[in-house]
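Where a number appears in this text, it was derived from the coordinates with a stated rule and is not lab data. None of these values were measured; they are calculated from a predicted model. With ideal geometry, Cβ positions are generated from the backbone for all residues, glycine too; neighbour counts draw on all protein chains shown.
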Protein chains: 2
Amino acid sequence: MGIMNQFGLIDQPIFAITRYGKPVMIVQNEVQKQLRNFIDKGGYLPGDRLPAERELIESLGVSRTSLRKGLDALEREGTIWRHVGKGTFITSIGESSPAQPPVSSISRQVTPVQMMRARLSLEPAIAREAAANSSAEAVGRIKSCRDKAFEANSWDLYEIQDDALHRAIADATGNVLLLSLFDHLNQVRRAVAWAQVIRATEKPSRDHTSFHEHNVIVNAIEARDPVAAHAAMQAHLRSVSARLFGEI
Amino acid sequence: MGIMNQFGLIDQPIFAITRYGKPVMIVQNEVQKQLRNFIDKGGYLPGDRLPAERELIESLGVSRTSLRKGLDALEREGTIWRHVGKGTFITSIGESSPAQPPVSSISRQVTPVQMMRARLSLEPAIAREAAANSSAEAVGRIKSCRDKAFEANSWDLYEIQDDALHRAIADATGNVLLLSLFDHLNQVRRAVAWAQVIRATEKPSRDHTSFHEHNVIVNAIEARDPVAAHAAMQAHLRSVSARLFGEI
DNA sequence: GGATCCAACCAATCGCAACCAATCTTATAT
DNA sequence: ATATAAGATTGGTTGCGATTGGTTGGATCC
């Protein structure tokens, strides 16, 4: 390939001096013209794939070196787009798709213990932020959730309200990003819980330790005590963890 | 599945230049388009089961590899879900997740300070988990990243290597979910940083405080000292934060 | 001397086929 | 009738060969 400067390939002279002293734009590589023609006549639309280079050199009757020089120009210009192993494509507008792996894929790989450790990594910090930043209305919503969870008369309903409580806390941070992280975690948690442990362990004793723990958390947040909120949430999750696995 | 890079599947052109200024909405996986069409024409309703992959490749006339790539996209998008031994199903409304808002939306709403607080909420905990669980190979990768960051001779390159270092730490937790949370955070961070602060602040002093902080973190992880790792990461982020905002 | 051509090689990707593990179905034994 | 085992089906994974854009070095031509 040619020499690179900071803008790209140094390729053709931009202009030349005729014998009569009049500058003339050279504009294009001969091959470049052929390529443009080939694309137009061939009816290629945005997104379409051009023939492979090794085929093009036969269609156009040029060497691969100069073909690639022409393609380089077209790519620099933005007309085409190339990628090794795939081919050369007519440029089109696509969404930049960041493409996180789907939750189902994650939930398949993550073990219940890892899930618990992830919750322990994130949720106490969220409780701390909530204590530091929550508005009065947010605290009100949290307390409402706590009460509904307490009054829940079925195990399923309790889980729903427990979910809502934890999410209300994340919402109380006033930090969209933290809320988004919590939601992401929670989505995976639902998938994992559904597929694995929870249902296997005993469902009975809607023991009141969780309710007490909830109270400690909510009180710490209402008291705007970040350290206590962090500790309370950590204790709560450790308690849940202990019930599931018998330890951390 | 295709090869993953740190952003996801390598697939179609990420961006393109509209020479005529008119954006042309195109490009999904091609197969993805076919699949969407197939689902619509086939009258599949939420909860219905799609034909097996080995049948679909005949109906659509594509290879199983690329079919699965299309299905991956649809699953990530939430329109289908799959389970080994059962099949592929159209997502039913009940179990459809609340649809995470796209990264772009979040990055628009989140302030740099909130971003920093989110990092402070998650990354120290990740460092702790890394110290507790990292394998020897993982530590090696981390140290390699640290060295590359140290040797970076441009600010841009440093940022890239710094990114890689932090991600290597998240990877060292061995916890797919934590890694996924980190990636989610990082995606938003890139969008926010790009749009707002970072570039506005001074770029000069590649001061060595960050390098020293990196060393402290890496050493703590290598020493398998979770508490120290947590503290070191927290100190590092506080230091970065101080440089950006002048305080926490 | 510089551009061009050619051939060989590299690395990313794709298509294919075989294999794995979870699940469902069916047959068989008690 | 129920329980258990064997087989079939399904999504998930891996390895191989072919294809494709990217790169390099030497031969050739002006």
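Assorted remarks:
- Extension gain, B:Phe211 to B:Glu137, is 24.5 nm, computed as 0.36 nm per intervening residue step minus the present C-alpha separation.
- In this structure, B:Val113 and A:Glu53 have a Cβ-Cβ separation that, at R0 = 60 Å, corresponds to a calculated FRET efficiency of about 0.75.
- Estimated dipole of the range A:103-245 in Debye, rounded to 20 [Cβ of Lys and Arg +1, of Asp and Glu -1, Cα centre]: 400
- Note on B:Ile90 and B:Asp163: the extension gain reaches 22.6 nm, defined as 0.36 nm multiplied by sequence separation minus the Cα-Cα distance.
- Computed from the Kirkwood radius of its Cα pairs, the Stokes-Einstein diffusion coefficient for the range A:44-172 at 37 °C and 0.692 mPa s stands at 161 µm²/s.
- Computed over the alpha carbons of the range A:103-245, Rg followed by Dmax gives 14.4, 40 Å.
- Integer Hz, Karplus 6.51/-1.76/1.60 couplings in order for the range A:73-88, x for Gly and Pro: 4, 5, 6, 4, 6, x, 7, 10, 9, 10, 8, 4, x, 9, x, 10
- Across the identical copies, the 7 Å label point of A:Ala223, projected outward along Cα→Cβ, sits 3.4 nm from its counterparts, in ascending order.
- Separation of alpha-carbon centers, the range A:97-164 and the range B:107-121, rounded to whole Å: 19
- Approximate spin-label separation B:Thr65-A:Ser144, in nm, with each point projected 7 Å along Cα-to-Cβ: 5.4
- Each other copy holds its own label point for B:Gln100; taking that point as 7 Å from Cα along Cα to Cβ, the gaps run 0.1 nm, nearest first.
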